[in-house]
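Undergrad: Once you've had a glance at the structure underneath, I'll fire off some questions.
The values are calculated or read from the model by the stated rules, or taken from the named source; none is laboratory data. Owing to the predicted nature of the structure, the values given are computational and were not obtained by experimental measurement. In this analysis, Cβ positions are derived from the backbone assuming ideal geometry, glycine residues included, and neighbour counts consider all displayed protein chains. Protein only, heavy atoms only, side chains kept; ligands, DNA and RNA dropped before computing areas. Shrake-Rupley method; radii C 1.70, N 1.55, O 1.52, S 1.80 Å.
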Amino acid sequence: AQQAGAADARPEEAWFGQRQAVRNELGWIDPSDAHDRILARLEPVALAVRRCVHAADGDGPAADVGAELALFEAWFERERGTSFYALFDQYFPEVPVVDF
């Protein structure tokens, strides 16, 4: 929601920021076709969030974020055999930086 962009921003500009926020949250730094497919399926959720944020500003009707999220979650579970939220529970150990 914080990356939903201004009301006058183009949706694709807002989606770029939202997509990067998801990448950062999940630690998806390197390019990946698998991550890109997941993010492509997450775009309708991001657009619904954007519409909802701007509806609070009086810029049109709110979107049903829950319905879009449920569709995404069902797709993810069918494709991956696990909940999308399991991605948030992955532990990434810190690697010390050594200067030689």
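Undergrad: Can you say whether Ala67 is open to solvent by less than 40 Å² (accessible area, probe 1.4 Å) and out of contact with any Phe, Trp or Tyr (no Cβ under 7 Å at 6 or more places or on another chain), as far as the supplied structure shows?
TA: Criteria not met by Ala67.
Undergrad: A further question on this structure: Within the set of pairs 6 or more residues apart or between chains, which connect a residue that is charged (D, E, K, R) inside region 8-32 to a residue that is open to solvent by 30 Å² or more (accessible area, probe 1.4 Å) with Cβ atoms less than 7 Å apart?
TA: Correct list of pairs: Glu13/Gly5.
Undergrad: Modelled with pLDDT of 90 or more and on the phi > 0 side of the Ramachandran plot - does that describe any residue in region 33-47?
TA: no
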